[in-house]
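A short worksheet on the structure shown next.
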Amino acid sequence: MLLSDFIGQGEVVERIHDLDKSLNFLRMLLFLSMVVAAKLLHPGIFSWLGSETFNLGRKRGFTDKGPEEYVLSIAVLLLFSIVNVGVLMANHGVFADFGSPVLINLSLSAFVITMMLTAINFFQLALFGIRTVFNAHFVDFLIYIIMLGIGSYLVLLAHWFLQPSLVVVIQSVTYTGLVLVFIWRIARLLFKGDLIFRQNMLLIFCYLCAAEIGPLLIVGKLLTNLV
């Protein structure tokens with residue numbers, strides 16, 4: 001009797017397979033594989049990006065490092081950022097009434113990032129005569145886009161695997177950190193930009209408003225109205 005009570009009478013045990021958690025785990029692995037792929041394409045990509053983050057305005061030796069050799073790794077990291085930002089936007093309910101919110105938000109994310117990259121290159125060429133794609137400021141901007149992707153990835157992981165109370169904390173800390181870094185970037189470019197662009201502060205401020213601050217405010221207003 002004791003043994004039968006312990007092992008049961010052969011009742012059918014229903015196991016409910018949580019498909020959403022399985023899909024979230026696969027998404028986590030897919031997004032992480034992009035970071036691994038960037039590392040495999042160029043093992044020194046993250047150390048190089050980290051060093052350039054703190055070297056804005058110190059152009060000596062920048063072109064000697066051959067920044068173009070990192071283009072494939074940076075492209076993979078940009079794809080990582082686009083995918084994560086798009087999925088995060090979909091999780092927040094943007095375009096929730098449409099049939100495929102993830103694809104729509106991925107498209108919107110790709111459009112926004114492409115628009116900002118194009119605007120930055122155009123204004124640098126028109127205002128400052130900078131014709132090299134991988135100049136110090138452009139790399140600094142790419143680093144921030146990649147940081148957006150990493151922040152989105154952390155928030156997604158919290159949404160997928162953690163309790164709601166922890167999700168709120170991680171989301172608040174991540175968003176606050178990204179905003180502070182953006183403000184720090186703008187202030188640094190405003191006061192140190194003359195070392196890169198060789199122009200006065202007023203022209204640099206107009207450039208930052210048109211190429212970086214303006215697009216983000218427009219997109220933020222758009223998303224606020226859609227959520």
Close pairs from the stretch 73-85: first under 17 Å from Y175 (Cα atoms) and open to solvent by 10 Å² or more (accessible area, probe 1.4 Å), partner at pLDDT below 90 and not β-branched (V, I, T), Cβ under 7 Å, at least 6 apart: I82/L106; I82/S109; I82/A110; V85/S109
Say we look at the stretch 123-140 and pick out the residues that are without any contact (Cβ under 8 Å) to a residue 12 or more places away in the chain and part of a helix (DSSP H, G or I); which of these is surrounded by the fewest Cβ atoms within 10 Å (Cβ to Cβ)? A126
Selection within the stretch 22-62 - modelled with pLDDT of 85 or more, among the small types (G, A, S), assigned to a helix (DSSP H, G or I) and over 17 Å from the mean Cα position of the chain (by Cα): none
Of the candidates I143, I113, I120, the one satisfying the condition of being in contact (Cβ under 8 Å) with a residue 24 or more places away in the chain and over 16 Å from V85 (Cα atoms) is I120
Kindly provide the set of residues from the stretch 168-207 that are of a type in the set (V, I, T), touching a residue at least 12 places away in the same chain (Cβ under 8 Å) and under 26 Å from L29 (Cα atoms), ordered by number. I170, T174
Looking across the stretch 134-168 at residues that are among the small types (G, A, S) and modelled with pLDDT of 90 or more, the single one that is farthest from F46 (Cα to Cα) is A158
Check on A210, under 14 Å from M116 (Cβ atoms), of a type outside the set (K, R) and modelled with pLDDT under 90: yes
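The values are calculated or read from the model by the stated rules, or taken from the named source; none is laboratory data. Note that the coordinates shown come from a computational prediction; the quantities given were computed from them, not determined experimentally. Heads up, the Cβs are rebuilt from the backbone with ideal geometry, glycines too, and the neighbour counts pull from every protein chain shown. With ligands, DNA and RNA removed, areas are computed over all heavy atoms of the protein, side chains included. Shrake-Rupley method; radii C 1.70, N 1.55, O 1.52, S 1.80 Å.
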